[in-house]
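Engineer: Got a structure for you, written out below as structure tokens; questions coming shortly.
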Amino acid sequence: MNCACQEKAKKRLLDKGFYFSLARIVASTVLALLGFFVFSEARFGLWVNFAFMGTAWLLCAYDIAYEAFKAVFLKKEPFDENALMLIASIGAFCLRFFGPEDNEFLEATMVVILFQIGELFEHLATEKSHQAIEAAVGLRAQTANLIEGGGLKSVKPSSLRVGDHIIVKTGEIVPADGTIEEGSGLVDMSSLTGEFVPVIKNEGESVSSGTILKEGSFRVRVRKTYENSTVAQIIRLVDESAKSKSDADRFIDRFSRVYTPTMVVLALLVAVLPPLFLGISDGAVWAAWVYRALCFLVISCPCAIVISVPLAYFAGIGLASKRGIIVKGSSFFDKLNRLSWVVTDKTGTLTYGDFRITKTVSPKIKTVKFMEYFRAVELRSTHPVAVAIEKTSGDSIEPSLISGVKEYAGLGSSCLFQGHRLLAGNGRLFAKKGIAVPAIEEVGTMVYLAVDGVYEGYVVLNDVIRTESLSMVDGLRELGIRTSMLTGDREAGALAVATTLGIDEHHSGLLPEDKQRILGEKIHSSSGCVAYIGDGINDAPSIALADVGVAMGGIGSDVAIGSADVVIMNDDPSKIVTAVKIAKKAKNRSIFNIIIALIVKLTIMVLAAFLPGFPLLAAVLADTGLTVLLVLNSISLLRSGVR
């Protein structure tokens, strides 16, 4: 399956457009060489030579001319790189009018040929970035094995409905989000999370579309339609990433509007001013300076900057996707670069979001028996405390052995089990029942147990801190970014988490509107940008309010993900550190490209303007070569190592 997917991706990279452009370049080059070496002006005359050279030029220049005229008449932008190339190449043809010895047909043709070679490299680089993103968000399954009428029917994933049952076999891509009802398997989730260690999925667990079943097989009950599936949702997020421009993109737009006409005016001055003083009636002087002006125009073309800088940001988005981080636009890279605070939710973000027993105290009863009593009294309850106790080790209890179950809303419950009256609950329930409990200070939720009206011990439940949370706080601190935690939990629990992780500040006992208020104050008072990380629907307003909203995509609600600017697919909060590092790499790569391009171009422009005999072909090679090198520098970001 993986080989087939890679082969398909390779075919997409070398598409019809690529082969057509390559064919044009080859045909144009052959015609130009024939015109220069075989059908030269000296042997066949000017017009035969011009027919070969002109045809070669047209093969590579017709779309350049179209884009240049479209910019003038539709976009109202008369000067762009296409216009510069068109003027320079036509001007080179016109040099022939100064005499046969100035026949520059070959160089005029090579201007557009080499420009098209640079465009071809840009196309390959951009497609490579697209592929990295598509690979990172998983491949869409082409078919699904629908159980229908006692057999299997091959259908399109888009036709599946909620409640349908499908079979997923070894090597297949999971076509829809669902729940395993039968079977188990080893699932490769790297397409969503960026983690390459396969995960075992058993009966009752959820599976996501876009993941690959490496071993085993299972029957899945479809939980979401294709339009709402994980893969479809992420692809929509990736599509949005092309809509927002980074500061670098906006700089390039402003730069082109000023730079291009400035270069055209300077080229005109180079062509006109020197002949006015060196020999206004001397055709050779005019030819020499017009030639230099044309070289100046060609090397001044800003395509190296215009192409490579946005591509650096796009490659950064691709690299982030490979790490399981979906960034909805390059503009958010700029904000990540300016982060001064990361504000985060606690439950489900820094912690796992479910209760776990962290301490058991039973002075008189053995722990195994003690937990059996707890399991019995909480068996029929759906309260989070009961669910947490149910997850503890121990044999399951036959429900028929339990009777006389009584619930005390918000307090606890009681039952009859093995001839004993069991009571489990909080301090208020025990006070109500007149059962004394010792004064104990514990961080977490305490649940007491009484057997036949006698206190026998307690358990402490806490929301366990994620192992990655410490890495997040430490990583942000190294980058000079401070952290703040907002939670609705009690102060004792919030303080314990904040102290353990080393968070700079925390606020507890908050309602959703309180979180928004504090976050708004932080944004208003901060000199840099503020990010907010959350997972639940109650976090959506804060995620939308922050300069950079970050949602946990694995367990996060659809509302939170929809309002986020960055989505972390494997619920690892430390990935925010990775996102910031990638943003810095993209920015540094784009700045490097701008500086190198300007240094090289200014140097060669001076040489072209003032060095006698500077060849036009050298100017073209310098411009195209620089473009190719900077494009490769940008695209190399995809293979950059980031932790």
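The values are calculated or read from the model by the stated rules, or taken from the named source; none is laboratory data. Note that this is a predicted model, so its numbers are computed, not measured. With ideal geometry, Cβ positions are generated from the backbone for all residues, glycine too; neighbour counts draw on all protein chains shown.
Engineer: Out of (1) closer than 16 Å to SER634 by Cβ; (2) modelled with pLDDT under 85; (3) among the aliphatic types (A, V, I, L, M), what's the single condition that is false for LEU297?
Structural biologist: (1)
Engineer: Within the range 270-306, can you find the residues that are more than 28 Å from ASN593 (Cα to Cα) and in contact (Cβ under 8 Å) with a residue 24 or more places away in the chain? Don't jump to the end; show me each part of the working.
Structural biologist: First, the residues of the range 270-306 that are more than 28 Å from ASN593 (Cα to Cα): 271-291.
GLY283, ALA284, TRP286, ALA287, ALA288, VAL290, TYR291, listed by residue number.
Engineer: Here's a follow-up. Which of the residues that make up the range 573-612 are under 24 Å from LEU637 (Cβ atoms) and of a type in the set (Gly, Ala, Ser)?
Structural biologist: The answer is SER574, ALA579, ALA583, ALA586, SER590, ALA597.
Engineer: Which of the numbered conditions does THR360 fail, given that it passes all the others? Conditions: (1) modelled with pLDDT under 90; (2) over 25 Å from LEU545 (Cβ atoms).
Structural biologist: Among (1) modelled with pLDDT under 90; (2) over 25 Å from LEU545 (Cβ atoms), THR360 violates only (1).
Engineer: Also, I was wondering about something else. Across the range 113-171, which residue is modelled with the lowest pLDDT among those that are surrounded by fewer than 22 Cβ atoms within 10 Å (Cβ to Cβ) and among the β-branched types (Val, Ile, Thr)?
Structural biologist: Only one residue fits best here, namely THR126.
Engineer: Now a separate question. Looking at the structure I just gave you, is VAL548 modelled with pLDDT of 95 or more, on the phi < 0 side of the Ramachandran plot and not small (Gly, Ala, Ser)? Steps first, answer last, please.
Structural biologist: Numbers: modelled with pLDDT of 95 or more: no; on the phi < 0 side of the Ramachandran plot: yes; not small (Gly, Ala, Ser): yes.
Criteria not met by VAL548.
Engineer: Same structure again: Just a yes or no: is a residue in the range 298-308 assigned by TED's automatic domain parsing to the domain that holds ILE90, part of a loop (DSSP other than H, G, I, E, B) and in contact with a Leu (Cβ under 6 Å, 6 or more places away or on another chain)?
Structural biologist: yes
Engineer: On the basis of being among the hydrophobic types (A, V, I, L, M, F, W, C), part of a strand (DSSP E or B) and at pLDDT 90 or above, does VAL220 make the cut? Steps first, please.
Structural biologist: Numbers: among the hydrophobic types (A, V, I, L, M, F, W, C): yes; part of a strand (DSSP E or B): yes; at pLDDT 90 or above: yes.
It is true that VAL220 is among the hydrophobic types (A, V, I, L, M, F, W, C), part of a strand (DSSP E or B) and at pLDDT 90 or above.
Engineer: Please give the strands (runs of 3 or more DSSP E) falling wholly within the range 317-389 in which 3 or more residues are among the aliphatic types (A, V, I, L, M), touching a residue at least 24 places away in the same chain (Cβ under 8 Å) and over 29 Å from LYS585 (Cβ atoms). Spell out how you get there, then give the answer.
Structural biologist: Values: elements: 325-327, 339-345, 351-361.
Ranges flagged: none.
Engineer: I've got another one for you. Filter the range 445-490 down to the residues that are at positive phi and either buried (at least 19 other Cβ atoms within 10 Å of the Cβ) or under 25 Å from the mean Cα position of the chain (by Cα) (or both) and list them by number. Working first, answer last.
Structural biologist: Taking the range 445-490 and keeping what is at positive phi, we get 452-453, 457, 480.
Those that are at positive phi and either buried (at least 19 other Cβ atoms within 10 Å of the Cβ) or under 25 Å from the mean Cα position of the chain (by Cα) (or both): GLY457, GLY480.
Engineer: Of all residues in the range 471-502, which are touching a residue at least 40 places away in the same chain (Cβ under 8 Å) and β-branched (Val, Ile, Thr)?
Structural biologist: ILE481, THR483, THR487, VAL497
Engineer: Taking the range 596-617, which residues are without any contact (Cβ under 8 Å) to a residue 12 or more places away in the chain and within 42 Å of the chain's Cα centre (by Cα)?
Structural biologist: Passing the criteria: ILE599, LEU602, THR603, VAL606.
Engineer: Kindly indicate whether GLY54 is closer than 21 Å to LEU294 by Cα, part of a helix (DSSP H, G or I), modelled with pLDDT of 85 or more and among the small types (Gly, Ala, Ser).
Structural biologist: yes
Engineer: With PHE610, PHE592, PHE614 as the choices, which residue is more than 19 Å from THR483 (Cα to Cα), crowded, with 16+ Cβ neighbours inside 10 Å and at pLDDT below 90?
Structural biologist: On the way: PHE610 fails: crowded, with 16+ Cβ neighbours inside 10 Å; PHE592 fails: at pLDDT below 90.
Answer to the selection: PHE614.
Engineer: Considering only residues that are in a loop (DSSP other than H, G, I, E, B), modelled with pLDDT under 85 and not small (Gly, Ala, Ser), which ones fall in the range 400-457?
Structural biologist: Result: LEU411, ILE440, GLU441, GLU442, VAL443.
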